[in-house]
Amino acid sequence: MANRTEALEQPAAAGARAASLWGDAWRRLIRNRLAVVGGVIVLGLFILLFFGPLIAPYPYQEQHLVELVANGNRPIGPFQGEFLLGTDDLGRDLFSRLLDGAQISMTVALVVQAVVLLIGLPIGAAAAWYGGRVDSYLMRFTDVMYAFPDLLFIILLSVTFRDTAIGGALNGVLLVFIAIGIVSWVGMARLVRGQLLSLKETEFVEAARAIGVSDFRIITRHLLPNALGPMIVAVTLGIPGAILAEATLAYLGIGAQAPRASWGKLVADGQQYLRAEPHLVIFPALVIALALLSFTFLGDGLRDALDPKLKGKQ
Amino acid sequence: MTVSDDRGQAGSPTVTELPNAVHIETEEGRLLAERLADDSRHARRLLEVRNLSTHFFTRDGVVHAVDDVSFDLDYGETLGLVGESGCGKTVTALSVTRLVANPPGRIVSGEIIFDGIDILKLSAEEMRLLRGRKIGFIFQDPMTSLNPTLPIGFQIAESARLHLGLSRRAADDRAVELLSKVGIPRSRERMGDYPHQFSGGMRQRVMIAIALACDPMLLLADEPTTALDVTIQAQILDLIRSLSEEFGTAVILITHDLGIAAGMCNRINVMYAGRIVETGKVDDIFEQPKMPYAWGLLDSLPRLDEVKGSRLRTIEGLPPDLINPGPECRFSPRCKYAHDRCRVEEPDLSARDGEGHLARCFGTEPGGWIQ
Amino acid sequence: MLGYIVRRVLWIIPVLFVVSVITFSLMHAAPGGPWSREKQLPLATVEFLKARFGLDDPVPVQYLKWAGNLLVGDLGPSYRQGRSVNDIVADGVGTTVHLGVMAFVLSVVVGIPLGVIGALRHNKIPDYLATFISVIGIATPSFVAALLLLVFFSVTLRWFPTHGWDGWADPRAMVLPTLALALFPIAQISRFTRASMLEVTRKDYIRTAQSKGLRERTVVTVHMIRNALIPVVTILGPVLAFLITGSFIIETIFSVPGIGRYYVISIGQRDYGVIMAMTMLYAAVIAVLNLVVDVLYAYIDPRIRYS
């Protein structure tokens with residue numbers, strides 16, 4: 001009679017591969033070409049966030065009046081000479097301004113999501129963990145927030161505080177971050193709450209409590225890591241919304257003020273020249289599209305890669 | 001259902017269309033048209049499966065889920081397909097009704113002769129006419145196998161309307177009848193109810209009603225009770241047995257539970273790693289199994305008369321990888337009785353004592369080393 | 001089900017109350033008043049204007065008066081335009097609603113079939129086409145779309161007028177604004193529908209339907225679409241909210257005389273009366289629309305309707 005232990009130590013058949021959670025997801029992500037392209041561009045955008053001003057050939061607010069006048073006081077077109085993408089009607093280099101806009105958009109993306117996590121995560125976790133009245137109140141509060149259409153509230157907040165100190169900070173950009181963040185945390189809170197609720201009733205949590213692990217530790221060590229996947233996806237997919245909101249606000253004249261070059265503002269400034277010098281609108285529109293799409297594809301790819309239903313399958 | 005008559009010809013009618021406006025595209029389809037006209041038996045056996053191979057073409061390789069499987073089924077007979085998860089029993093059943101997901105699966109070779117027609121030669125549209133009408137399928141999980149947004153009465157009447165050409169009222173009446181037959185009380189009132197308003201056992205009864213709606217010749221039941229409470233299991237199995245007896249329906253019952261197989265089937269096919277490794281009448285398999293895997297299965301059943309505290313017996317090891325299986329006996333790595341020959345050559349199914357009793361094992365062949 | 005509806009309706013009241021408090025507080029927290037940005041008006045004039053509009057009452061009193069008026073449908077005065085907000089709204093609301101409805105219908109009529117076809121012809125040419133369209137939709141902010149459409153079709157090709165709106169009296173003027181507004185919703189709806197359909201395709205009950213020998217067409221229309229569209233109803237709420245807020249921009253760019261345009265103007269003029277009143281109006285409308293969508297969802301999903 002063969003030794004039972006030896007038999008069980010037989011190597012598993014080649015078909016059953018040992019796979020870690022994240023390794024699995026990573027492999028699936030890499031295979032998704034759109035997501036990879038998106039990810040590369042996102043990486044590029046982050047590099048621009050930090051090194052944009054270094055790459056820019058000119059300071060974004062510098063007006064090159066000599067060249068402008070030489071061009072008949074009209075914005076200079078792209079690919080013609082020293083200005084890679086041309087200039088605007090004040091002689092400012094469009095390429096450098098786009099880089100400034102990239103810095104603004106990426107900062108918005110990061111700061112907003114940071115705010116969203118800082119507020120939404122604890123609130124959602126608290127609601128799920130303590131349940132009962134705490135949960136009730138928090139959920140009612142989020143219901144009220146939901147009743148306000150996002151853009152409306154952001155506009156309201158921005159308009160209200162634009163003449164204050166915060167409103168003036170960083171040329172109005174700080175106010176935009178805060179406004180968008182205040183509106184956006186609700187979704188994250190609900191997500192975290194949902195995830196934790198479903199995990200709360202599992203047996204390993206019961207066991208941890210029985211041993212006497214503190215609430216805080218249970219939440220941070222056991223529950224949150226499991227909710228990490230959907231949270232990462234939500235953060236990534238929330239960024240296009242933030243960038244879009246910032247661009248729309250800038251277009252409406254709220255938010256980033258002159259001379260800063262938010263992409264939305266560039267479109268607003270350029271629209272009157274749309275027929276004669278379309279490059280003033282086309283290039284900002286293209287970079288907006290690029291940013292929106294790359295985060296969206298990356299987010300979609302992450303969502304598919306981390307989908308729990310596909311775990312273990314190839 | 002229309003069978004247009006070519007007036008002026010005596011003998012078999014010439015048809016250009018099958019029911020439900022399906023055009024005849026193949027020779028087999030022509031045969032099918034004649035068969036569908038009545039419910040009598042047209043061949044010696046209901047089902048003859050010859051050398052069926054169904055493979056799945058995946059990124060990691062070709063999975064030989066079903067490899068060269070052959071078996072017969074008589075009209076009205078109940079056959080068990082028994083084996084552990086992954087042995088190919090479900091894929092075999094899906095192949096018989098040509099519902100294998102394609103991609104990535106495909107029936108790569110073999111013949112499946114149903115009531116005298118080689119259904120692998122039918123076009124997809126022609127095959128559709130058989131499904132539901134002559135072949136019914138009961139799926140494993142009643143919680144997910146019913147459409148949650150349609151009333152159950154509709155789901156039962158659907159195939160009757162399509163295949164039997166019944167009017168809406170007639171089909172509904174038939175559905176009510178079927179609901180009663182499967183043991184759902186107040187059937188007419190419950191016609192408009194939705195699946196979520198029924199318990200698991202009741203939903204499986206609804207599934208049975210759906211499968212039997214057009215009085216099929218063959219019922220494929222894939223682990224019909226695995227997802228149900230033990231107490232309900234017996235009821236559902238009794239129902240299947242009594243209905244199949246009443247209507248003369250042949251049943252292929254797929255299960256990993258030997259107890260169920262023993263109670264329901266006339267004959268049993270034991271499957272392992274995509275092959276049939278033993279086949280025979282119920283009594284022969286249970287009293288005189290001739291294949292070490294079958295022994296292992298029977299041996300692993302816990303018994304009431306065992307010494308308390310003793311360990312359960314298992315078959316050690318794991319089933320083999322079905323991608324590029326080798327030429328050896330697929331059970332040999334786990335077999336206590338394996339000899340060198342087993343590790344290089346695979347045995348064929350050969351005869352043992354008992355009518356139709358075959359086993360795939362060198363050791364139990366007459367003159368072999370296992371007695 | 002009835003209990004659910006009643007509860008949801010009653011819930012709107014506290015929600016709108018809180019919204020009104022927040023809106024009111026924000027407006028009064030803003031530094032400066034409605035007239036502080038303009039060339040310095042003499043103090044006496046400002047005091048006079050304040051008294052006339054009741055802005056010298058204590059804040060809680062102002063709130064009560066304002067909220068009270070709202071409840072009877074009086075939206076209050078515009079501080080800058082010399083008319084009541086009710087008049088402003090009456091002027092433009094028909095236009096805005098017309099634009100919104102047309103954009104909504106367009107986005108559903110185009111978005112859903114696009115998503116269905118994309119899912120059914122998964123990874124084949126129709127899918128790529130549908131995906132391409134929805135990609136354009138999500139990559140293009142509505143103001144960019146509006147500008148590009150304007151320049152290309154209106155200014156260059158002269159197919160459509162550059163501004164104005166006259167309802168059905170001038171169908172050509174309706175085309176570009178509707179299209180620009182509907183672009184993003186089309187993309188969202190089609191993406192969501194496609195994802196929903198793909199999920200349904202993998203469900204067990206579809207296999208059951210196939211095992212009955214049903215025609216593919218029947219399986220798709222009777223079994224798949226019905227189940228796939230139910231989740232799609234859940235995004236109609238956000239779509240409607242988008243149409244409302246998106247109308248600001250579209251109306252501004254195309255000079256459509258609706259209330260959205262007035263809202264934008266009021267923001268620039270710091271006309272707090274209009275801003276507050278219209279914010280409440282929008283919030284109320286969206287709350288009701290969300291309610292309708294939720295009830296609709298509960299109605300069409302039998303699992304909720306009969307439980």
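None of the figures in this text is laboratory data; all of them are computed from the coordinates on show. Just so we're clear, the structure is a prediction, and the values are computed from it rather than from any experiment. Glycine also receives a Cβ, built like all others from the backbone with ideal geometry; neighbour counts cover every protein chain displayed.
Let me check I've understood the local charge: for B:E25, count other residues with C-beta under 9 angstrom from its C-beta, Lys and Arg +1, Asp and Glu -1. What total comes out? Please report the intermediate quantities before stating the final value.
Numbers: positive: none; negative: B:E125, B:E126.
Computed value for this residue: -2.
According to the square roots a ≥ b ≥ c of the eigenvalues of the Cα gyration tensor, what is the shape class of region B:153-281, taking rounded for a/c under 1.5, prolate for a/b larger than b/c otherwise, and oblate for the remainder? Display every interim value, and only then the final one.
Numbers: a/c = 2.42, a/b = 1.70, b/c = 1.42.
Prolate, since a/c reaches 1.5 and a/b exceeds b/c.
With charges only on Cβ, +1 for K and R and -1 for D and E, what is the dipole size of chain B about its Cα centre, in debye, rounded to 20?
Values: 42 positive and 54 negative charges, 152 e Å.
I would put it at about 720 debye.
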Candidate cut points under trypsin sites (Lys or Arg not before Pro) in region A:112-164, DSSP loop plus at most 10 other Cβ atoms within 10 Å of their own Cβ, are none
Rg ratio (alpha-carbon, reference 2.2 N^0.38 Å) - the protein assembly as shown: 1.17
Residues with amide H under 5 Å of B:V108's amide H, sequence separation 5 or more or different chain, H placed in the peptide plane at 1.01 Å from N; which? B:S53, B:T54, B:H55
How high is the relative contact order of chain C, given as a whole-number percent (alpha carbon pairs under 8 Å, six or more residues apart)? 26 percent
Under the Karplus curve 6.51 cos²θ - 1.76 cosθ + 1.60, θ = phi - 60°, whole-Hz ³J(HN,Hα) for region A:110-124, x wherever Gly or Pro sits: 5, 5, 4, 5, 5, 4, 4, 5, 4, 8, x, 4, x, 5, x
Residues of A:136-149, mean number of Cβ from any other protein chain within 10 Å of their own Cβ, rounded to a whole number? 5
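For each pair in A:K265/C:K124; B:K89/B:K290; B:K134/C:K124; B:K89/B:K121, compute the distance between the two Cα atoms and list the pairs where it is over 30 Å. Working shown, then result.
Details: A:K265/C:K124 39 Å; B:K89/B:K290 20 Å; B:K134/C:K124 34 Å; B:K89/B:K121 22 Å.
Violating the 30 Å Cα-Cα cut-off are A:K265/C:K124; B:K134/C:K124.
Do any chymotrypsin sites (Phe, Trp or Tyr not before Pro) in region C:225-307 lie in a DSSP loop with no more than 14 other beta carbon atoms within 10 Å, and if so, which? Could you put the intermediate results ahead of the total?
Values: sites: C:F242, C:F248, C:F254, C:Y262, C:Y263, C:Y272, C:Y282, C:Y297, C:Y299, C:Y306; in loops: C:Y306.
Answer by residue number: C:Y306.
For chain C, report the convex hull volume of the alpha-carbon atoms normalised per residue, in Å³, without decimals. Spell out each step's value before the answer.
Details: hull volume 51.5 nm³, N = 307.
Output value, Cα hull per residue: 168 Å³.
Any idea what the dipole of chain A comes to, in debye rounded to 20, about its Cα centre with Lys/Arg Cβ at +1 and Asp/Glu Cβ at -1?
Numbers: 25 positive and 24 negative charges, 187 e Å.
Computed charge dipole of chain A: roughly 900 debye.
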What relative contact order, as a whole-number percentage, does region B:51-174 give when Cα pairs under 8 Å and 6 or more residues apart are counted? 21 percent
Which of rounded, prolate, oblate describes chain A, given a ≥ b ≥ c as roots of the alpha-carbon gyration tensor eigenvalues and a/c under 1.5 marking rounded, otherwise prolate only if a/b is larger than b/c? oblate
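Please give the peptides A:258-264, B:333-339, B:49-55, C:162-168 ranked by average Cβ packing (other Cβ atoms within 10 Å per residue), highest first, as a rough proxy for protection.
Ranked by mean Cβ neighbours within 10 Å, highest first: A:258-264, B:49-55, B:333-339, C:162-168.
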Measuring from the longest principal axis of the C-alpha atoms of chain C, the long axis of helix C:259-269 (C-alpha) lies at a number of degrees, nearest 10, equal to 40 degrees
Between B:E17 and residues 5 or more places away or on another chain, the pairs with built amide H atoms under 5 Å apart involve B:S4
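What order do you get for B:E17, B:E28 when you list them from fewest to most C-beta neighbours inside 10 Å?
On the way: B:E17 13, B:E28 20.
If I rank by nearby Cβ atoms, fewest first, I get B:E17, B:E28.
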For region B:26-36, in order, what is each residue's ³J(HN,Hα) by Karplus, 6.51 cos²θ - 1.76 cosθ + 1.60 with θ = phi - 60°, in whole Hz (x at glycine and Pro)? 10, 4, 4, x, 4, 4, 4, 4, 5, 5, 5
Placing +1 on the Cβ of each Lys and Arg and -1 on the Cβ of each Asp and Glu in the protein assembly as shown, which of A:A114, A:S198, C:V222 has its Cα farthest towards the positive end of the resulting dipole? A:A114
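Multiply the residue separation of C:V292 and C:D87 by 0.36 nm, subtract the distance between their alpha-carbon atoms, and state the gained length in nm to one decimal. Kindly include the intermediate steps, with their values, before the conclusion.
Numbers: separation 205, 0.36 × 205 = 73.80 nm, distance 2.73 nm.
Full-extension gain reported as 71.1 nm.
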From the backbone phi of region A:268-281, what are the Karplus-calculated ³J(HN,Hα) couplings (6.51 cos²θ - 1.76 cosθ + 1.60, θ = phi - 60°) in whole Hz, Gly and Pro given as x? 4, 5, x, 5, 6, 9, 4, 6, 7, 10, x, 4, 5, 9
Rounded to the nearest 0.05, what FRET efficiency is calculated for C:L10 and C:Q62 with R0 set to 25 Å and r the Cβ-Cβ distance? 0.35
Most packed first (mean Cβ within 10 Å per residue), the peptides A:25-38, B:81-94 order as B:81-94, A:25-38
Quick one: work out the % antiparallel among DSSP beta bridges in chain B, nearest 5. 60 percent
